[in-house]
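The values are calculated or read from the model by the stated rules, or taken from the named source; none is laboratory data. Note that the structure is predicted; figures quoted are calculated from it, not measured. No Cβ is skipped: glycine too gets one built from the backbone with ideal geometry, and neighbour counts run over all protein chains shown.
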Amino acid sequence: MRSHLKHFINGEWVESTGSNTIDVINPATEEVIGQISDGTTEDLDKAVAAARAAFPSFSQTTKEERIQLLNRIADEYEKRKSDIVEAITQELGSPLSMSEKSHYKMGLGHFRQAAKELESFEFTERRGNTLIRKEAIGVSGLITPWNFPTNQTSTKLASAFAAGSTVVLKPSELTPFAAIILAEVFQAAGLPKGVFNLVNGFGEVVGNGISSHPDIDFVSFTGSGAVGQKISENAAKTIKKVALELGGKSPLIILEDYDMKKAAKIAVSNVVFNSGQVCTAATRTLVPKSKHDEFIEAVKEVLPDFRVGDPQDSKSFLGPLVSEKQYHRVQGYIEKGLEEGATLIAGGTGKPEGLEKGYFVKPTVFTNVQNSMVIAQEEIFGPVMSILAYENLNEAIEIANDTIYGLAGYVIGEDVETVEKVASSIRAGRIVVNGAAQDFSAPFGGYKQSGIGREWGDYGIEEYLEIKSVVGMPS
Ligand code: NAD
């Protein structure tokens, strides 16, 4: 049992002012594995005061000092590898290999990348007699979801520290343990007191408190569109800058000239990765009509390679969904797909055989999906693939863009000119070609209702900066 009932405020672990607690459940076993505090607005006020007090000196640290700090954090993070991997597997249900190769590595990648970006980052620019200065934005409130417990926290934290901003973090109440380890990492790395503050609790109290707090200058949020809207409304009352990383329903366009077996492998892995709980998941697969049947056969062939199973088993590629609520939500969408008349190719409702305990779902594939169907329009957040056949490239692009979202898009093809045409026609913040690997320097964020702002690399650091003009500056 992990019992973490304290918040991390002003460089130390402090008791909560409230007495309520929140149970944390292992989604693979449905057992309670620990508890955190149900934080209060008083806890939040203390954390904000600590961040505010630390801001004047932290914001004045030199770029070199912050590069060293970020590298020390990355070094300490590496020392905690096995703890981070174990915590994420327990709280999220991610298979051990995924927790290591994806979750752990992404967290590390953001701290190392921020240090690297700072080396060439210019905080001042001269235009004749005008000096343009980029200054830390102030106190940042960070609210993160459960699906990538170290990636989403680390990208925000690395950028904030690189910019010289102090922070208050509220991680998801479903996956709080990875963030608690991060606090320990920062302590070990010698982060000055008050620069990082962690308050656990529910969104309605601590999250809501962050978005409306008069002493918080900027809110960076990742999660659902509905909560993103609430945060924007609250933040508007104190004219707070807001960055939102919300949902997606990303299209993956397969071109006619590509090998369908290779395409199927890339497409399926993009849907089932992290049990489909990925905002950039390529859940709408667009296939040329002429290749549809060949593609379906290839999908059926590769699907068993992505095994659902016990997260502790090294052969598992997918673990359970994070919670019972998410399990029922995904079941509802699979039922909806059947009701709407899509053709089920694999998976379906219910739990996979032998996995009756835990929130496991079957990787599910539908074809003959129309883009107007609910399963093609709404974010399912589970391993459910919708295949849509297209007649020509213009139709494919039209379908791809017929969504309220614009977080990501995918192209699979050989011909460079056509790939480029498709990549430039999809209205989304990140296009991935032929299953390319992550690039931590590439800006990440959405068009349309997928969000506002960018994270990762130098663009991520920019979010935590204000711009000042000093006009008439003698040279
Ligand atoms: P959510 O938006 O409810 O929660 C995300 C974070 O916001 C959590 O830390 C939560 O405690 C906090 N929060 C909740 N209510 C709040 C409020 N009123 N004010 C401030 N903060 C608040 O997301 P969820 O319940 O974890 O997941 C629901 C859906 O959101 C998912 O099914 C999925 O569609 C989407 N989602 C998207 C992403 C993404 O990366 N884009 C990540 C997770 C979830």
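Before moving on, here are some points about what is shown:
- When the stretch 233-266 is limited to residues that are within 13 Å of the ligand (Cβ to nearest atom) and among the aliphatic types (A, V, I, L, M), the one that is farthest from the chain's Cα centre (by Cα) turns out to be Ala235.
- Of Val195, Val227, Val205, Val272, all but one fail to be within 18 Å of the chain's Cα centre (by Cα), assigned by TED's automatic domain parsing to the domain that holds Leu69 and at pLDDT 95 or above; the exception is Val227.
- Condition check for Ala162: away from the ligand (no atom under 12 Å from the Cβ), crowded, with 22+ Cβ neighbours inside 10 Å and under 21 Å from Ser94 (Cβ atoms): no
- Looking only at residues of the stretch 314-362 that are within 16 Å of the ligand (Cβ to nearest atom) and of a type in the set (Ser, Thr, Tyr), we find that the one that is farthest from Asn274 (Cα to Cα) is Tyr333.
- Search result, residues across the stretch 169-178 that are hydrophobic (A, V, I, L, M, F, W, C) and near the ligand (Cβ under 8 Å from one of its atoms): Leu174
- Verdict on Gly93 being closer than 30 Å to Lys351 by Cβ, surrounded by 19 or more Cβ atoms within 10 Å (Cβ to Cβ) and either more than 25 Å from the chain's Cα centre (by Cα) or modelled with pLDDT of 95 or more (or both): yes
- Count of the stretch 291-330 residues which are without any contact (Cβ under 8 Å) to a residue 40 or more places away in the chain, crowded, with 18+ Cβ neighbours inside 10 Å and closer than 17 Å to Glu356 by Cβ: 1
- When the stretch 179-209 is filtered for residues that are under 18 Å from Asn151 (Cβ atoms), among the small types (Gly, Ala, Ser) and within 13 Å of the ligand (Cβ to nearest atom), only Ala179 remains.
- Candidates Lys336, Lys291, Lys265, filtered to the one that is of a type in the set (Lys, Arg) and under 24 Å from Ser102 (Cβ atoms): Lys265
- For the stretch 214-232, residues that are more than 10 Å from the ligand (Cβ to nearest atom) and over 23 Å from Glu462 (Cβ atoms) total 1.
- Gln68 being within 22 Å of Glu455 (Cα to Cα) and surrounded by fewer than 17 Cβ atoms within 10 Å (Cβ to Cβ): yes
- Counting only helices (runs of 4 or more DSSP H) that fall entirely inside the stretch 363-474 and contain at least 1 residues that are in contact with a Phe, Trp or Tyr (Cβ under 9 Å, 6 or more places away or on another chain) and either touching a residue at least 24 places away in the same chain (Cβ under 8 Å) or polar (S, T, N, Q) (or both), the qualifying elements are 374-377, 393-401, 457-462.
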